[in-house]
Amino acid sequence: MTTTAVPRSVGARGGAYRVYTLAWAAAGAVLLWRSVPEVPRLPPEYLLFAALSVAGHLFFVLELPGDLRLSVQAILAPVWLYGWRAGPPLFFLTAPLVLRSSRDPLRTLLYFGNGSVWVAAAGALFDWIRPAPLDPFTWAGVAALLLSGCVFVAGNLVTAAVGRYLATGDLRLLSTRFLSQSALFVFAGYVPLASLLLLALHTGPAAAFLAVGVWLLTAVALKGLVETHRANEGLQEALRELERLATTDPLTGLWNRRHFVQVMAAELAGHARTGRPLSLLVVDLRSLKYINDTYGHELGDRALQRAAEVFRHRLRASDLAFRIGGDEFALVLPETNTAGALTVARDVVQLLAESALDGAPTARLDATVGVATYPEHGQDPDSLVAAADAALYRAREQGTSVAVATEPPSRELQDLPDSPHGF
């Protein structure tokens, strides 16, 4: 198995990526030049590994997170058997398949150079550690297999991730978490399989055929595992998008009324445990009808979007803004008492009034705000929303921009129609 970077966009590449790729390719070319004279001296079994490498690139290329690719090859087994010079020719042999699938010369060069250098390093380390003659069943033999496998997997993966970073600028590819998780997956799926092939060839032809069968089954299983994981990630992303669409107002990008109902219940439950205040602002963009009638609904939509921008600018990160009706919004202010909510309400009214709409010189974003605070104006979602609605109605009647709920809110609502915001 080998990994290589898959750049997302040719336009994202800079000179550093090209230099990086060409440097690795040049190192691979030197190693290939030193390896080619040894190929005729290798035993016929070497052709088996060449066939497995080609098959791995044709049928078992796996997409890993971060747009890295994993091709299922038996590249370490021939290096363990015949020395590091057995590795670079196999990367040269499969490079055209990489180019065929990616149509990316730079990526192909990085694949060839990266793989050749690290397979040579792993082979050299193996020759230095291993017992002579090799006995895979001794502690020295096991150490040689594991350490050389670690060098190849880690070096190959880091080189590919750095190349991917230079191509895209995505720093997540260099994170310890990403590299460690990817390295564990590649090592667990690769080194044991290469060791099995090595043991099989030590045992005899029948075991070698069995090992090839195990290689094929393992390759199929790994491909299925990775593709299932990617399918699950895609499903989770689709579910998150559906949830976002179900809880977000598409015009303004604010949370919608459905999410408002859920959030109010959860927030009040949390504040009931702590005893801390929470304030609710119901905002009526009362000039929206004039804007729609005078300038058309397209400008009315822009007015709603501008109001959403004002809310995002003024509110804290912990505050929440919702569009709960055509021209009505709700602002939930955790850990905020009535005095603090009044300050926010007045700021919102002023910022809206100062907002200009291109193409509408006489249009103003005039708003009326009703303010209610937990627990003095209501201790559950229904009563708190009713109190803020009542304050909004009273502000309209009095011709003011902001009004605060009075206690108890039920008395204020005796002569009012059913609240449009009630649950």
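Okay, here's what the table says:
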{"quantity": "Positions within segment 226-251 being of a type in the set (S, T, N, Q) and within 24 Å of Val385 (Cα to Cα), in sequence order", "calculated": "Thr247, Thr248"}
{"quantity": "Scan of segment 313-333 for residues that are in contact with a His (Cβ under 9 Å, 6 or more places away or on another chain) and open to solvent by less than 10 Å² (accessible area, probe 1.4 Å), ordered by number", "calculated": "Phe322, Ala330"}
{"quantity": "Tabulated pairs, segment 270-289, first on the phi < 0 side of the Ramachandran plot and of a type in the set (S, T, N, Q), second surrounded by 23 or more Cβ atoms within 10 Å (Cβ to Cβ) and assigned to a helix (DSSP H, G or I), C-beta under 7 angstrom, 6+ apart or interchain", "calculated": "Ser279/Ala341"}
{"quantity": "Within segment 252-276, considering residues that are open to solvent by less than 70 Å² (accessible area, probe 1.4 Å) and among the polar types (S, T, N, Q), the one farthest from Val385 (Cα to Cα)", "calculated": "Thr252"}
{"quantity": "Residue in segment 277-297 that is open to solvent by 70 Å² or more (accessible area, probe 1.4 Å) and more than 30 Å from Ala363 (Cβ to Cβ) present", "calculated": "no"}
{"quantity": "Within segment 240-251, considering residues that are assigned to a helix (DSSP H, G or I) and open to solvent by less than 50 Å² (accessible area, probe 1.4 Å), the one modelled with the lowest pLDDT", "calculated": "Ala246"}
{"quantity": "Failed item in (1) modelled with pLDDT of 90 or more; (2) acidic (Asp, Glu); (3) surrounded by fewer than 13 Cβ atoms within 10 Å (Cβ to Cβ), with Glu237 passing the rest", "calculated": "(1)"}
{"quantity": "Evaluation of Thr294 against (1) part of a strand (DSSP E or B); (2) at pLDDT below 90 (one fails), failing number", "calculated": "(1)"}
{"quantity": "Any chance Val310 is modelled with pLDDT of 90 or more, crowded, with 21+ Cβ neighbours inside 10 Å, under 18 Å from Asp389 (Cβ atoms) and β-branched (Val, Ile, Thr)", "calculated": "no"}
{"quantity": "Checking Leu109 against (1) modelled with pLDDT under 90; (2) out of contact with any strand residue (DSSP E or B) (no Cβ under 7 Å at 6 or more places or on another chain), the condition it does not meet", "calculated": "(1)"}
{"quantity": "Residue check, Arg364 open to solvent by 50 Å² or more (accessible area, probe 1.4 Å) and over 39 Å from the mean Cα position of the chain (by Cα)", "calculated": "yes"}
{"quantity": "Some residue of segment 369-392 being surrounded by fewer than 23 Cβ atoms within 10 Å (Cβ to Cβ), touching a strand residue (DSSP E or B) at 6+ places or on another chain (Cβ under 7 Å), among the hydroxyl-bearing types (Ser, Thr, Tyr) and touching a residue at least 40 places away in the same chain (Cβ under 8 Å)", "calculated": "no"}
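Rundown of residues vs (1) open to solvent by 40 Å² or more (accessible area, probe 1.4 Å); (2) over 29 Å from the mean Cα position of the chain (by Cα); (3) within 20 Å of Leu32 (Cβ to Cβ); (4) at pLDDT 90 or above, yes/no style:
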{"position": "Thr94", "(1), (2), (3), (4)": "no, yes, yes, no"}
{"position": "Asn114", "(1), (2), (3), (4)": "no, no, yes, yes"}
{"position": "Val142", "(1), (2), (3), (4)": "yes, yes, no, no"}
{"position": "Gly155", "(1), (2), (3), (4)": "no, no, yes, yes"}
{"position": "Gly163", "(1), (2), (3), (4)": "no, no, yes, no"}
{"position": "Leu174", "(1), (2), (3), (4)": "yes, no, no, no"}
{"position": "Val186", "(1), (2), (3), (4)": "no, no, no, no"}
{"position": "Ala194", "(1), (2), (3), (4)": "no, yes, no, no"}
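The values are calculated or read from the model by the stated rules, or taken from the named source; none is laboratory data. Please read these numbers as outputs of a predicted model, since none were measured by experiment. Backbone-built Cβ (ideal geometry, glycine too); neighbour counts: all protein chains shown. Heavy atoms of the whole protein, side chains included, go into the accessibility calculation; ligands, DNA and RNA do not. Shrake-Rupley method; radii C 1.70, N 1.55, O 1.52, S 1.80 Å.
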